[in-house]
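As structure tokens, the structure follows; a few thoughts come after it.
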Amino acid sequence: MKVLLRLKKANFEAYLVGGCVRDLLLGREPKDFDVATNASPEQVKQIFRNCRIIGRRFRLAHVFFGREIIEVATFRGSEPDEADQHVVHEDGRLLRDNVFGTLEQDVWRRDFTVNALYYNIRDFSVVDYTGGMLDHQAGILRLIGDPAIRYREDPVRMLRAIRFAVKLGFTLHPDTEQPIHEYAELLKSIPSARLYDEALKLFLAGYGLQTFEMLRHYGLFAILFPASDKCLETLEHDFPRLFLIKALENSDRRFADGKSLTPYFLLAAMLWEPLQIAVKKQLDRGENETIAYQNAANEILNNQIKITAMPRHITQAMRDVWFLQNKFSKTTGSRPYRLLEQPKFRAAYDFLALRAETGGADPQLVTWWTRFQDGDDEQRQKMTAPPKNASGKTRRKSSRYRSKAKQADVE
């Protein structure tokens, strides 16, 4: 309200726009608020001392209120004769420069009709040029303009269409849906850092499983995670692979319960089965298990980073979760205590529990570790004591040690 009212006081137009208006009309609390205005970024900066201008191709003003950011965008316009002068990138994407314009021009530069609703504080009305209110009421997600052109301008709009449809419970309009299969390959031209950010939005918003199913239906999941998609087409012990589905269900349940979600855990689950296949190939070549896991992890992560540029701290956390899995089978002596002290122990334990739910790990092992975590010192000592032989004594020392002892007795 401070941003809107101060812009209005300075005789500029100012509207709430986009997802915040769409969500408020649905009775939801918006994640953030965006403002559209006819003031240039420099004029916005003159009005607000707590303002920073960002962006190169199209500049935006960010107004800071503590940790909150209100994004203020100047109305976007169109180049003269734009319809006849599309610039085509070598990968098939359409390029065009962003220029400032009017409200009437800005509407047609937005992606979906339900995201092109402008709330006017002057008369408390919703400005709608594209039929967005009707689509909103009907639960339809429709691209503004020619879908083929809009997808070629920005292929990420295909991912956004899936994300919004799932999040809002809307249906894709046939014209919006039909070109997705044809243009899915254009996502390969998108910078990997941007696709990583989009992947987090897709799978960490509480609708991961449904989003995953829609992405697979339209062939988009195969672009984002090709190794995982290839695994899902094969069977494991004559049964469908269910680990990733179980991981997504778990993530959605945690989100619904208000618990935190860690990107590295879900990404580790996303690539776990490709990792297992790569490990088996290493073992078949004669590598020992430790080296096999290291080489396989390098291979899987290096290939995936080219598509979704996961930061180093994420990939390292994924490795930690993966490499700790084999250590859970060591339940005697001091090794369980050392494992318990690992920073990623809890995540690795949860990962083990998920594997056990789908037959990938021994449920009794999960039970053991659950008791070990919760037990007191005396109970832990009993649980980690070496096994005893049939006579009730602990296992004898090595034969080499016994032979030396026997020789000493003879002497």
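Counting the residues of the stretch 192-216 that are more than 9 Å from the chain's Cα centre (by Cα) and part of a loop (DSSP other than H, G, I, E, B) gives 2. In the stretch 383-404, the count of residues that are part of a helix (DSSP H, G or I), at pLDDT 90 or above and among the polar types (S, T, N, Q) is one or more. Output yes when any residue across the stretch 21-38 is over 30 Å from K167 (Cβ atoms) and out of contact with any Cys (no Cβ under 6 Å at 6 or more places or on another chain), and no when none is. Yes. With the condition kept exactly as written, say whether any residue in the stretch 192-202 is crowded, with 19+ Cβ neighbours inside 10 Å, modelled with pLDDT of 95 or more and touching a strand residue (DSSP E or B) at 6+ places or on another chain (Cβ under 7 Å). The answer is no; no qualifying residue exists. Taking the conditions (1) free of Cβ contacts under 8 Å to residues at least 40 places away in the same chain; (2) within 13 Å of the chain's Cα centre (by Cα) in turn, L244 satisfies each one other than (2). When R371, R312, R338, R355 are screened for being touching a Phe, Trp or Tyr at 6+ places or on another chain (Cβ under 9 Å) and on the phi < 0 side of the Ramachandran plot, only R355 passes.
Condition (residue is among the aromatic types (F, W, Y), open to solvent by 30 Å² or more (accessible area, probe 1.4 Å) and in a strand (DSSP E or B)) applied to the stretch 179-191: is it met by at least one residue? No - not one qualifying residue is present in the stretch 179-191.
Report, by residue number, each residue of the stretch 203-231 that is in contact with a Lys or Arg (Cβ under 8 Å, 6 or more places away or on another chain), in contact (Cβ under 8 Å) with a residue 40 or more places away in the chain and open to solvent by less than 30 Å² (accessible area, probe 1.4 Å). Correct list: T211, I223, C231.
The values are calculated or read from the model by the stated rules, or taken from the named source; none is laboratory data. In this text, all values refer to a predicted model and were calculated from it rather than measured experimentally. Cβ coordinates were reconstructed from backbone atoms using ideal geometry, including for glycine residues, and neighbour counts include every protein chain displayed. Note: areas computed on protein heavy atoms with side chains; ligands, DNA, RNA excluded. Shrake-Rupley method; radii C 1.70, N 1.55, O 1.52, S 1.80 Å.
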